[in-house]
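What follows is a short report on a single structure.
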Amino acid sequence: MPEHGVDSGPMADDDVERLRADTPGVQHVRHFNHAGASLPPQPVMDATIGHLQREAEIGGYEAFDAAEERLEDVYAQIAGLVGASPAEVALMENGTRGWDMVVYGIPFRKGDRVVTTMSEYGSNVIAMLQIAKRGVDLIVVPDDERGQIDLERLDAQLDSRVRAVLVSHMPTNGGLIQPAEEIGRIVRDRAPDAWYVLDAIQTVGQISLDMAAIGCDALAGNSRKYLRGPRGAGFVVVRQDRLDELEPPMIDNQAATWTGPRSYQLRPDARRFESWEANHAARLGMGVAVAYAREIGIERIAARIVRQAERLRSELSGLAGVTVRDQGRQQGGIVTLTHERLTPLEIKEFLGNRGINVSITTVQSTRFDMEARGLDAMVRASVHAITTDAEIEALVGGIHDLMVS
C-alpha cells in the first residue's frame, strides 16, 4: 500500500512524488513503457521476492502452505477490482492465456460466427483464425470516422449465428479505448446468447472496470502493465451463470477431480481454467499490486493518466514532422507516433541512450488496423500516474534533438 497514503480527490504533485518514492525504478530510467511492463512499487517487489525467499528457505510446497491465506486474498482483490465474486476469478500465467482458456472453451459449431474489431490484438486474431478452421466465420467490424468500432455496423452483424463477440478494450498500438459498455448493450439486445469476451489487458489498472456495467461474460487482465505487478501473472474472470457452458481445452488436478477410472468432475468455479503448478510469488505480487491500485483509487489513477497522455500528445504534435497516430473518442495512456523521416527504431534507440524507455508497435500486433492505415511500425510511449511533466519534456526534447542532429 502507498506508505504515506494518498488523499482523495485529484492527484496533486505531492501525491505523485509519494508514489514515485515507492518506485525504485524511477531513479534509473524515465519510463514510457507502462503498456509493456510498468515499474512495480516496492510493496509488490517485497511480496514477490519475499515469497521466493521463503521457498528457498523452507521449500516450495511449505511456502505455499504458509501463504495460502494471502493467495486466497488475491482472488478477492481481483474480484473487487472488476465487480465480480472470488469464485468467478481464475489466476493465470498471463492475461492472454486466460483469454485463450475461455475462448477455446466456447462450444463453437460449423456455421457459427465470431465478431471482432479492426484493432484486435494479433495473438487473439491468430486464435480466432485457428478456430475458424472448424467452419466458423470471422467477421471484422469496420471502424467509424473516429477510429473506434462502428456501433451501427456492429448492430447490423449481430444475429443468432453469432457465437462470440471478442473485443480488445484498448489496442496495443494506440490510445483508443473501445466503448465497451455500448458494445455490451448491443450484444445483449441483438445476440443475447453470444459470448462477449473483453480483453482488458491494457485497461485493467488504468480505468475503472465493472463487468455488470460492461455487460461482458468474461474479462481477461494482466499483472505487468497498468497494475504495475510482476511478469508471469494474469487472470480471467467468468460469470458464474455461464461457467458451465465452457469446457476448458486443457485440464489437470487443479481444474478437475478424478472421480473414477473413467470419469472426472470439473471444479464448480472459475479455477477450472487454472493449472496446478503456478508462480505463486508472481500471484502474490499481483495481489499486492491490485490492492495498491485500489488503495490509491482507480478513478484518480485514470484521471492522472489521461492528463499526462493529453499533455504528451499536445507537445508531440508541436514537433515538425511528427504525427500522433492515436484514434478514438476516448483515449487512455498509450501514445503512438511516427516521424516523416526518422524510423521508430532510430527514435527508440536514441531515447534509450538517454535513459528514456519507449517501445515499438508493429503491424504484426494489429494487422487489420495498421494495414488499413498504411502503417508498418510506430513509436509507442505510454504514461502512468507516476509520469511527471519533466519526464514528458525530456522525451519530447529528445525527439527534437534527434530531429536536428
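Annotations
- When we screen 106, 78 for residues that are part of a loop (DSSP other than H, G, I, E, B), buried (at least 21 other Cβ atoms within 10 Å of the Cβ) and assigned by TED's automatic domain parsing to the domain that holds residue 198, the only hit is 106.
- In the set 213, 233, only one residue is more than 24 Å from residue 277 (Cα to Cα) and of a type in the set (Gly, Ala, Ser); that residue is 213.
- Of the residues making up region 16-44, those that are part of a helix (DSSP H, G or I) and in contact (Cβ under 8 Å) with a residue 12 or more places away in the chain are 16, 18, 19, 20, 21, 24, 25, 26, 42, 43, 44.
- Residue among 81, 129 that alone is out of contact with any Asp or Glu (no Cβ under 8 Å at 6 or more places or on another chain) and farther than 21 Å from residue 239 by Cα: 129
- For residue 22: the one exception among (1) modelled with pLDDT of 95 or more; (2) under 16 Å from residue 294 (Cα atoms); (3) buried (at least 19 other Cβ atoms within 10 Å of the Cβ); (4) outside the structural domain of residue 307 (by TED's automatic domain parsing): (4)
- Residue pairs whose Cβ atoms lie under 6 Å apart, sitting 6 or more positions apart in sequence or on different chains, and linking a residue in region 109-129 that is under 16 Å from residue 364 (Cα atoms) to a partner that is among the polar types (S, T, N, Q), are 119/366; 120/168; 121/168; 121/172; 122/364; 122/365; 123/96.
- The combined condition, being modelled with pLDDT under 95 and in contact with a Lys or Arg (Cβ under 9 Å, 6 or more places away or on another chain), is fulfilled by residue 3.
- Residues (farther than 23 Å from residue 213 by Cβ and either in a helix (DSSP H, G or I) or touching a Leu at 6+ places or on another chain (Cβ under 9 Å) (or both)) located in region 81-93: 91
The values are calculated or read from the model by the stated rules, or taken from the named source; none is laboratory data. Keep in mind that what you see is a predicted model, and the values were worked out from it rather than measured. Note that we place each Cβ from the backbone using ideal geometry, even for glycine, and neighbour counts take in every protein chain shown.
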